[in-house]
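The structure appears right after this line, and notes come after that.
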Amino acid sequence: MAPLQEYLRYLVTLTAVLDPFLAIPIFVGAAAGRDLASQRRLADAVTATVFAVLVGAAVLGDDLLKLMGASLPAFQVGGGLVLLLMALAMLNAKAGEMRQTAEEAAELRAGEVSGIVPLAVPLLAGPGAISTTIIAGEAGGLPHKLVLVLCIALVCGLLWWLLRTAHYVGDRISTTGLNVATRLLGLLLAAIAIQTMAEGLRRLFPGLG
């Protein structure tokens, strides 16, 4: 099993990548016109989908890397770059093209999609969250992956609570407040992204160390 610090890092990184505060106004827009029970069912379905996708990445990440023929250091560099692009968008309080394209946003507003897509995938459980989980899951065996699943469950629990209370939270916290929270997570994510890229580059090119 990895040191406690590594699990805390994964927990913080996953929270920043999912950024439930950014998801609140998008969820409110997607759930507009639905009754309360329907909104809560959507929140349940979105959270369950995010949990299933990330657990799948944690459990099958090793096999996926082998199938692609990619080394972990190379994946760290690529995954770190994805996280950095997401962080730059978050610093501008935007979802960014990495999470959601303009076409996907338009489909969601028009009610042409269920809400689970693209809310759960790729807005929340997108390339950033999946790559972060694969990188974290590569380090150990079953006990390690069980702890990762626990971390995923904790973050999804926070996401579930925020989505179930999205209208209440949105009414109590201004758009400025949500944007400040997103920017703070973006700053944190930028630092983690650069650290992830640096670790990958150091393993790819030992002379850099």
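Approximating the spin labels as points 7 Å out from Cα along Cα→Cβ, the Ile173-to-Leu81 distance works out to 3.2 nm.
Could you give the dipole magnitude of the chain about its Cα centre, charging the beta-carbon of Lys and Arg +1 and that of Asp and Glu -1, in debye to the nearest 20? The partial results should precede the final answer.
Details: 14 positive and 14 negative charges, 72 e Å.
Around 340 debye, computed over the chain.
On the principal axes of its alpha-carbon atoms, the chain has extents of 57, 33, 31 Å, going from largest to smallest.
Taking the mean number of other Cβ atoms within 10 Å as a proxy for protection, how do you rank 10-23, 63-76, 153-166 from highest to lowest? Walk me through the numbers on the way to the answer.
On the way: 10-23: 23.4, 63-76: 14.4, 153-166: 18.5.
Result, highest mean Cβ count within 10 Å first: 10-23, 153-166, 63-76.
Note on Ala198/Glu6: beta-carbon distance plugged into 1/(1 + (r/R0)^6) with R0 of 22 Å gives a FRET efficiency of 0.90.
Just so you know, all these numbers are worked out from the coordinates, no wet-lab data involved. Just so it is clear, the structure is predicted and the values come from calculations on it, not from any experiment. Reconstructed Cβ throughout: ideal geometry from the backbone, glycine too, with neighbour counts over all protein chains shown.
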